[in-house]
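Report on the following structure.
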Amino acid sequence: MRSMLLLLAFVLGSVQSKEVAPNLDAYMFVDGVVTISEAGKVLDHRITTEVDPQVQSLIDGVIDRWLFQPVTMGGTPIPFTSKVRVTLHGLTTQTTGELMVRVADAQFIDAFRQGEELQENDLPIRFRKIIRPEFPRSLARRGVQAQTVLALRINRDGKVIDQSVLYTDLVGTSESEEALVEARTAIEKASLRVVRHWTFDVRPEAFPDGAEDITAAAPISFSGFRSTERWTTPGKWTILTRGQRHPVPWEQPDASLAQLSESGSGTGLGVKLLTQPDGNAL
């Protein structure tokens, strides 16, 4: 099945006006909600970020082709609804400045059984103590922003018993590859240093059937001193360098991870795509 691409005559404006490394591309986050059947097929979806109609059409077509690993409760597959953040990748052509757009990634947050949406205080996973990592001052002074996503292994006492880096994305830097590696390493070390001390309140229903621990993906965002707005704001093109995606050392490759919000809360339901984010087969 061919990949879905969209060619748009978008001008990146302030993004193009910055001096950036030639290998940096443009990304946009688009938020929405999806409802999935017991069999893992998309029943319905809604995009909540205002985007160009052509981009909306691209996303609609991709989401309709998604297939999911069925989510179970007590061993029984259930229909579920989840917030979704789609990452669009736009690559400008050198000759015309047009932008080729594709769906590069999708994150699923706060999945819940269809018809049973929970409020923040009712979520099965909630933070008890979270210490924010210190952003390296040298990066903050240069206006670098970042998001690192960690895998946390949380036991029934709510303690983090293992942790690893899933990925770290950077924005606001046009430095050498060596400098990018150095920046990621500093951010990841600062994050791993504190998350081992995080604790959570985790209700029994959050754990997979018979499991003594649960693995959750936890995002941490960093903003530099000269940052005027969060780079994760949906609906805006952003120059971004995406970090390598890493597997979770203690999980099987096909394992689905619970997703936590930046506030440290989540439903405990893991959502896993069986297709690529652009809708094509794996």
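The values are calculated or read from the model by the stated rules, or taken from the named source; none is laboratory data. Only a predicted model underlies this, so the values are computations on that prediction, with no experimental measurement involved. Glycine also receives a Cβ, built like all others from the backbone with ideal geometry; neighbour counts cover every protein chain displayed.
Numbers at a glance
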{"quantity": "Check on residue 217, hydrophobic (A, V, I, L, M, F, W, C), touching a residue at least 40 places away in the same chain (Cβ under 8 Å) and farther than 28 Å from residue 136 by Cα", "calculated": "no"}
{"quantity": "Given (1) hydrophobic (A, V, I, L, M, F, W, C); (2) buried (at least 17 other Cβ atoms within 10 Å of the Cβ); (3) in contact (Cβ under 8 Å) with a residue 60 or more places away in the chain; (4) outside any strand (DSSP E or B), index of the condition residue 183 fails", "calculated": "(3)"}
{"quantity": "Candidate set: segment 162-180, residues that are farther than 18 Å from residue 221 by Cβ and not small (Gly, Ala, Ser); chosen: the one surrounded by the fewest Cβ atoms within 10 Å (Cβ to Cβ)", "calculated": "178"}
{"quantity": "Condition check for residue 129: farther than 24 Å from residue 32 by Cα, of a type outside the set (S, T, N, Q), more than 22 Å from the chain's Cα centre (by Cα) and at pLDDT 95 or above", "calculated": "no"}
{"quantity": "Yes/no for residue 86 being aliphatic (A, V, I, L, M), part of a helix (DSSP H, G or I) and modelled with pLDDT of 90 or more", "calculated": "no"}
{"quantity": "Residue match in segment 163-179 (condition: over 22 Å from the mean Cα position of the chain (by Cα), touching a residue at least 24 places away in the same chain (Cβ under 8 Å), assigned to a loop (DSSP other than H, G, I, E, B) and within 22 Å of residue 266 (Cα to Cα))", "calculated": "no"}
{"quantity": "Single condition residue 72 does not satisfy, out of (1) modelled with pLDDT under 90; (2) crowded, with 16+ Cβ neighbours inside 10 Å; (3) among the β-branched types (Val, Ile, Thr); (4) closer than 29 Å to residue 150 by Cβ", "calculated": "(2)"}
{"quantity": "Single residue of segment 233-267 satisfying the filter (assigned to a loop (DSSP other than H, G, I, E, B) and touching a Gly at 6+ places or on another chain (Cβ under 6 Å)) that is surrounded by the fewest Cβ atoms within 10 Å (Cβ to Cβ)", "calculated": "256"}
{"quantity": "The listed residue being of a type in the set (A, V, I, L, M) and without any contact (Cβ under 8 Å) to a residue 60 or more places away in the chain, out of 282, 274, 260", "calculated": "282"}
{"quantity": "Top-ranked residue in segment 268-278 [being among the hydrophobic types (A, V, I, L, M, F, W, C) and part of a loop (DSSP other than H, G, I, E, B); ranked as modelled with the highest pLDDT]", "calculated": "274"}
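Matching residues to (1) touching a His at 6+ places or on another chain (Cβ under 6 Å); (2) over 20 Å from residue 259 (Cα atoms); (3) modelled with pLDDT under 90:
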position: 163; (1), (2), (3): no, no, no
position: 167; (1), (2), (3): no, no, no
position: 178; (1), (2), (3): no, yes, yes
position: 195; (1), (2), (3): no, no, no
position: 206; (1), (2), (3): no, no, yes
position: 210; (1), (2), (3): no, no, yes
position: 216; (1), (2), (3): no, no, no
